[in-house]
Amino acid sequence: MYVKSFLVLALALAPLVAAAQEGDGFHMQPSLHWKSGAHRVDLGAVLRVRTEAWDAFADDTDWFTGTRTRLRMQYGWAGKVLVAGEFQDVQLHGMSSDSSGAALNYRNANDADSHASGDSIRGLFVELRPSETSFLRVGRQDVKLGQELLYPEPNWRYLKTARLGERLVGTVGWSHVERAYDGASAGWNVSGVQLFGFGARPTTGVFDAETGYRPLHDVVVGGGTLTVARGKLAPSSELGLFALHYKDDRPTDEGGLPDDVALTTFGAHWLGVYALGPGNADVLLWGAAQYGRYNDLDQSAGAAVVELGYQLPGVFGKPWLRAGLNYATGDGDPTDGDHDTFANLMPTNHLYYGFIDQLALQNLTNWFVQLRAAPHEKVSLNLFVHWFRLSNEDDARYGGTGAFSDSAFGYVARPSLGYRHVAVEYDAVATIALHPSATLELGYSWMDGAAMFRTAPSDDAKFFYASIELRY
């Protein structure tokens, strides 16, 4: 209560405080910080309140509300040393016994109670910056693979963060709890080539509020990326390579499989934005091959993404039409000694395969069209239509976002009933900038399920949410 009151008060007072003169002392704008010589301390706070309504293949609609409060403090010295910590409080209210969809996931992960809460140290790390182009970070941190090199233009930033980043390793920031990684990461930019490597254990979280941000000791993920900055290899184009190793040794009573999972994944991407006629065309190509052992079976699988878009920034609403395909292999013969289903590892799938979050990049063929528009400088729209099919009807339909607790594997396999057609999903999100420090977001999704949902009380799913975020 006191934390939230302080945050609201700070947000209310910030516009009324005149900017302090540059130099030593206490500052309120553009951020809350104190500076003395080479020393600087920054404070930040974020409050997000989101109410959700779920009717996922059920008979009725149930509502619940999640509140997430974060306080961040960081100390920096001469641009060479950074020490940062972030505290998080999560409150979940109104999760009924009839809940469905994500509401049911939250309830099941928190002792099936209608209310859940948790206080956690979400981030705590030390970062050394031996040069302007290199860093070494040790401690609890975010890992969002694919976002190692960002650009200032809004279209490039959107493509990197919401169409490329976190495909295989992410934090699931959409969820009320999120997750982090305990380990080390390092980066070095050499003449426009960004090298990045990391090794870490993920924490609990995502749906698990009450015991979130505890280390998953038997799960390890690590790897590296090489990103050739746009313009270095080809005009307005970026090339990236990556390699990942993932190992899950959890026993069955802690969410693991009877035998371990040890997978190596290699991949690459090509991203470009090109002036074409009155607008800009964009291209994203992404592919991955995966090998190793999966529950005592030989793993051999792959995945691919193709996305094309065209934006007219000089037209009213700045319309941006995009279309693409997300594809991941399935297993045509579950009885042999091979496992051909691509493993999605630890991603943030909410960005990619429908906002109702019923599918993962496993045994999936997903065509989509997307329209982004900005009818007002403070209003943006994001519209999707997804067509979901299984890549192989002899395999299952998979959902999940990776390991998040010591009692659940992180992915759920549901029978295909011999069908390939899964559903069509329609998503609509409106984002409204109420203030530089306040954002309102409204979203609605409808999934029209096919024959494989015939055993459920209903063959469709509906999801509505209203969210407000206050940031300082």
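No lab work stands behind these numbers, since they all come straight from the coordinates. None of the values given here were measured: they were computed from a predicted structure. Cβ coordinates were reconstructed from backbone atoms using ideal geometry, including for glycine residues, and neighbour counts include every protein chain displayed.
A few remarks follow.
- Net +/- balance of residues flanking Ala438 in space, Cβ distance below 13 Å, scoring K and R +1, D and E -1: +1
- Each part reduced to its alpha carbon centroid, segment 293-329 and segment 401-472 end up 18 Å apart.
- Extension gain from Val385 to Asp113, taking 0.36 nm per residue of separation minus the Cα-Cα distance: 94.5 nm
- Each label point was placed 7 Å from the Cα along the Cα-to-Cβ direction; for Asp24 and Ala289 their separation is 6.0 nm.
- Whole-Hz ³J(HN,Hα) from phi, Karplus 6.51 cos²θ - 1.76 cosθ + 1.60, for segment 453-464, glycine and proline x: 9, 5, 8, 7, x, 9, 9, 9, 9, 10, 9, 10
- Extent of segment 47-125 along its three principal axes (Cα atoms, max minus min coordinate, largest first): 59, 20, 17 Å.
- Peptides 110-117, 241-248, 343-350 ordered by average Cβ neighbours within 10 Å, highest first: 343-350, 241-248, 110-117
- Placing pseudo-labels 7 Å out from each Cα toward the beta carbon at Leu128 and Ser407 gives an inter-label distance of 4.1 nm.
- For a paramagnetic label modelled on Val81 (point 7 Å from Cα along Cα→Cβ), amide N atoms under 17 Å away belong, within segment 135-165, to 135-139.
- Farthest towards the positive end of the charge dipole of the chain, among the residues Ala78, Pro278, Gly332, is the Cα of Ala78, using unit charges on the Cβ of Lys, Arg, Asp and Glu.
- Segment Asp459..Asp59, full-extension length gain: 143.0 nm, with 0.36 nm per residue of separation and the alpha-carbon distance subtracted.
- Translational diffusion of the chain was estimated from the Stokes-Einstein equation, with Rh taken as the Kirkwood radius over Cα pairs; at 4 °C and 1.567 mPa s the coefficient is 55 µm²/s.
- For Asp42, net neighbour charge (Lys/Arg +1, Asp/Glu -1) across residues whose Cβ lies under 10 Å away: +3
- Sequence-distant residues sharing a close amide H with Leu32 (under 5 Å, placed H): Leu43
- Full extension of the segment from Ala243 to Ala38, taken as 0.36 nm per residue of separation minus the current Cα-Cα distance, would add 70.0 nm.
- Computed from phi, the 3J(HN,Hα) profile of segment 251-262 under the Karplus parametrisation 6.51, -1.76, 1.60 (θ = phi - 60°) reads x, 5, 7, 10, x, x, 8, x, 10, 6, 10, 9 Hz, with x in place of Gly and Pro.
- The alpha carbon convex hull volume per residue for segment 173-257 rounds to 112 Å³.
- The calculated FRET efficiency for the pair Ile468 and Asp333, based on their C-beta separation and a Förster distance of 60 Å, comes to about 0.75.
- Spread of Cα-to-Cα distances over 10 Å intervals beginning at zero, given as percent, for segment 394-448: 18, 25, 30, 21, 6, 0
- Computed magnitude of the charge dipole of the chain (debye, nearest 20; Cβ of K, R +1, Cβ of D, E -1): 2100
- Between Tyr444 and Thr161, the modelled label-to-label distance comes to 2.7 nm, taking each label 7 Å out from Cα in the direction of the beta carbon.
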